[in-house]
């Protein structure tokens, strides 16, 4: 533990993202292009539309890997099956860092009672997911889509720790699904700006800065930790040296 806490944490700035990747698909294999980054197919009884946005702004890593503890080294040097014994106590991987950023996802899917209704539902999904204006996207004839079949929505936003699912079986619940879709799409459209604003508020300094360990708690509370960097114990020099050493 002392070896770990004495290891510096390094912040590295990155700028990478994927935005507004939308697909619409049906149960058939037909396909039509909607725009440069939007593809779709219709003609089946099931339809699905999704919009995913992600943005990575940096990572936190260990300046160097800490030494294994005396207990870990002893297990590797004395156990009959050192790999299994080590795995039972410490697992296969350890957290070697954080990837910072955010992700946002909105998915709508449903099934129409007929091919024609299914195609109308498919087009309705496209409208609701590709445009942010709620007033323009809600129409009275949308009620026929939801009453003719079933529509569902899931929405997720990592920065706001937001996650919900809406099952739409009537016009009221369909409106709720579309309202939720529009609100979450707006979060997604603003994702990069939101991520950078939170990053600025953390005062991590320029790329290459060393950070105190207490900063980890603040990072986790901020919602900026997008992924954990999981590294294999077997890749550590101490691990290889101990497991290859003569049995004690």
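The values are calculated or read from the model by the stated rules, or taken from the named source; none is laboratory data. These figures come from a predicted structure and were not determined experimentally. Positions of Cβ are generated from backbone atoms using ideal geometry, with glycine treated the same way; all protein chains shown enter the neighbour counts.
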Q. Counting just the residues of segment 41-53 that are out of contact with any helix residue (DSSP H, G or I) (no Cβ under 7 Å at 6 or more places or on another chain) and modelled with pLDDT under 65, which one comes out nearest to residue 108 (Cα to Cα)?
A. 46
Q. What residue, of 155, 143, 113, 151, is at pLDDT below 85 and crowded, with 16+ Cβ neighbours inside 10 Å?
A. 151
Q: Give just the number: which of (1) within 30 Å of residue 109 (Cβ to Cβ); (2) out of contact with any strand residue (DSSP E or B) (no Cβ under 7 Å at 6 or more places or on another chain) does residue 174 not satisfy?
A: (2)
(Q) Can you report the number of residues in segment 192-214 which are touching a strand residue (DSSP E or B) at 6+ places or on another chain (Cβ under 9 Å) and either farther than 21 Å from residue 96 by Cβ or not in a helix (DSSP H, G or I) (or both)? (A) 15
Q.
I'd like to know if segment 85-108 contains one or more residues that are under 21 Å from residue 246 (Cβ atoms), surrounded by fewer than 21 Cβ atoms within 10 Å (Cβ to Cβ) and either in contact with a helix residue (DSSP H, G or I) (Cβ under 7 Å, 6 or more places away or on another chain) or at pLDDT 95 or above (or both).
A. yes
Q.
For the structure I just gave you, tell me whether residue 56 is under 19 Å from the mean Cα position of the chain (by Cα), at pLDDT 65 or above, farther than 30 Å from residue 246 by Cβ and buried (at least 17 other Cβ atoms within 10 Å of the Cβ).
A. yes
Q) How many residues are more than 11 Å from residue 242 (Cβ to Cβ) and part of a helix (DSSP H, G or I) when one looks only at segment 71-82? A) 1
Q. Under 16 Å from residue 62 (Cβ atoms), over 16 Å from the mean Cα position of the chain (by Cα) and surrounded by fewer than 12 Cβ atoms within 10 Å (Cβ to Cβ) - does that describe any residue in segment 197-204?
A. no
Q. Looking at segment 202-214, which of its residues are closer than 25 Å to residue 162 by Cα and without any contact (Cβ under 8 Å) to a residue 12 or more places away in the chain?
A. 203
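Residue-by-condition table, conditions (1) assigned to a strand (DSSP E or B); (2) without any contact (Cβ under 8 Å) to a residue 24 or more places away in the chain; (3) touching a strand residue (DSSP E or B) at 6+ places or on another chain (Cβ under 9 Å):
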{"residue": "164", "(1), (2), (3)": "yes, yes, yes"}
{"residue": "181", "(1), (2), (3)": "no, no, yes"}
{"residue": "216", "(1), (2), (3)": "no, no, yes"}
{"residue": "230", "(1), (2), (3)": "yes, no, yes"}
{"residue": "246", "(1), (2), (3)": "no, yes, no"}
